[in-house]
Amino acid sequence: MKLSITLSLALAGACSAFALTTPGTSTTRGGASAMIHNKAGGTAFIHQPSSSATNTALSAAAATTTAGPDNAAIKTRGGGGAGGIDFALMTYFALWYLGNYYYNITNKLALKATGGAAGFPMTISALQLGIGSLYGIFLWLAPDARERPKVTMDDIIKMLPVAFCYAGAHSASVFSFSAGSVSFGQIVKASEPAFAAVLSQFVYNKPVSKAKWLCLPIVIGGVILASVNELDFAVSALVSACIANMFAAVRGNENKKLMETEGLKDRLGSVGNQFCITSILGFLLSIPFLMLKEGGRFGEFVEAFKTVPALRTNMIASALWFYGYNELSTMTLKKTNAVTQSVANTAKRVIVIVGVALVLGESLDFMKLLGCAIGIGGVFLYSIIDNIVKPKEE
């Protein structure tokens, strides 16, 4: 477990390094793209279809804009001569997957150490947010680590709905994992698009295409199929995972509204700052629910934390893994296009479901794997269907 905590810190450090990299490194698909930095600090984004002429033009633009090799940061994609494998981005994806994988394992072990659903799932989920927040605060205080945000109290108030949904989704997910198997919880959580579609259509008045609606029965059918022979099936696990999906769907819509606030992106400064503020607010909002549900037994939890190494080490490790992989995934996905994001999220689900099930000895019978494949395949199709079946242009 000491190795697990060490790896957790390494992942968190990788997130910090990624946050501090030159913003000019950009990865796109389907054409040549370039981020060009001039000496005055200005940035220009150029996107053109792939061709030799385009790449030549980009090279010329870079030559006239920069005064030396230290001032240029250009990456091309889509057939350009400078194109190739982006090993840095591959590393970020690998760390994201690794963090998600180890979070699910250490989180489950921490929950098991206190009795599962009958133990302290609310306390553990709240403290995971708190420990992750401490790391984010450390980055603000450490010299030259991360520039502090310049948000106002009005900004903080506007961020509360997003933070509440973030904390709610996390707590419900942790309770689901405490009541049933991680693999089953992940399969149910993969059905989040169904909740997002309903909310977008009927609550936020953002119509969802007919093609996407037709994908939802595939997702729901896969979840049902995976539940048929689930050995660790519990209604509470299913309901909790669905509640987590609802919170996550609301959070996504509320975050879109939040980021429309004029000047907020500039005041936040970075994705890392936004995630840290959300984590801090989420932790603070979790405390009343912690006290209401498990506050009367908090002394018992403290004693267990002191005397049970499996709880102590796994809870700390899971908190760092959770904070690290969430921040890193956000940063990584911002550097890819929609299709790449869909493939990445689908691959992540498969890796986590199968890998964690094997490590924790959870059931992986044929029906569960078939349901998993159908459900996640449906989610992937839902993510890309509008690119495949595009409305006719008038």
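Values quoted throughout were computed directly from the atomic coordinates according to the rules given, and no laboratory measurement underlies them. Here the structure is a predicted model, which means the values were calculated and not measured. Note that each Cβ is placed from the backbone with ideal geometry, even for glycine, and that neighbours are counted across all protein chains shown.
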Exercise for review: Convert each backbone phi in region 185-198 into a coupling constant with the Karplus relation 6.51 cos²θ - 1.76 cosθ + 1.60 (shift: θ = phi - 60°), then list the ³J(HN,Hα) values in order as whole Hz, x for Gly and Pro.
Suggested key: x, 5, 5, 5, 5, 5, 8, 3, x, 5, 5, 4, 5, 4
Exercise for review: Using DSSP to define loop residues, name the GluC sites (Glu not before Pro) in region 263-331 whose beta-carbon has at most 11 other beta-carbon atoms within 10 Å.
Suggested key: none
Review point. Could you give the length gained on full extension between Val228 and Ile388, defined as 0.36 nm per residue of separation minus the Cα-Cα distance, in nm?
Key: 54.4 nm
**Study point:** Distance (nanometres) between label positions extended 7 Å along Cα→Cβ at Leu284 and Thr261
**Key:** 1.3
**Study point:** Under 5 Å, built H, 5+ apart or other chain: amide partners of Lys206
**Key:** Gln201
Exercise for review: Return the subset of Lys150/Lys334; Lys112/Lys189; Lys112/Lys257; Lys189/Lys212; Lys206/Lys390; Lys257/Lys368 for which the Cα-Cα distance in this structure is over 28 Å, preserving the input order.
Suggested key: Lys112/Lys257; Lys257/Lys368
Practice item. Determine, from the Cβ-Cβ distance of Val343 and Trp213 and an R0 of 30 Å, the FRET efficiency 1/(1 + (r/R0)^6), rounded to the nearest 0.05. Key: 0.85
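Restricting things to Cα coordinates, could you compute the convex hull volume per residue of region 330-381 in Å³? Show your work: numbers first, answer last.
Numbers: hull volume 3.5 nm³, N = 52.
Roughly 68 Å³ of hull volume per residue.
For the ranges 193-204, 122-133, what's the packing order if you count other beta-carbon atoms within 10 Å of each residue, average per peptide, and put the highest first? All intermediate terms of the calculation are to be shown ahead of the outcome.
Working: 193-204: 17.7, 122-133: 24.1.
Ranked from most to least packed, the peptides come out as 122-133, 193-204.
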Exercise for review: Express in nm, to one decimal, how much length is gained between Thr330 and Val359 on full extension, taking 0.36 nm for each residue of separation and deducting their alpha carbon distance.
Suggested key: 7.8 nm
Study note, to complete from the structure: Along region 112-122, Karplus-curve 3J(HN,Hα) (6.51, -1.76, 1.60; θ = phi - 60°) to the nearest Hz, with x for Gly and Pro, reads 4, 5, 10, x, x, 5, 7, x, 9, x, 5
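Could you work out how much longer the chain between Ala142 and Val308 gets when fully extended? Use 0.36 nm per residue separation minus the Cα distance between them, nm to one decimal. List each step's numbers first, then the result.
On the way: separation 166, 0.36 × 166 = 59.76 nm, distance 3.19 nm.
Stretched out fully, the Ala142 to Val308 stretch lengthens by 56.6 nm.
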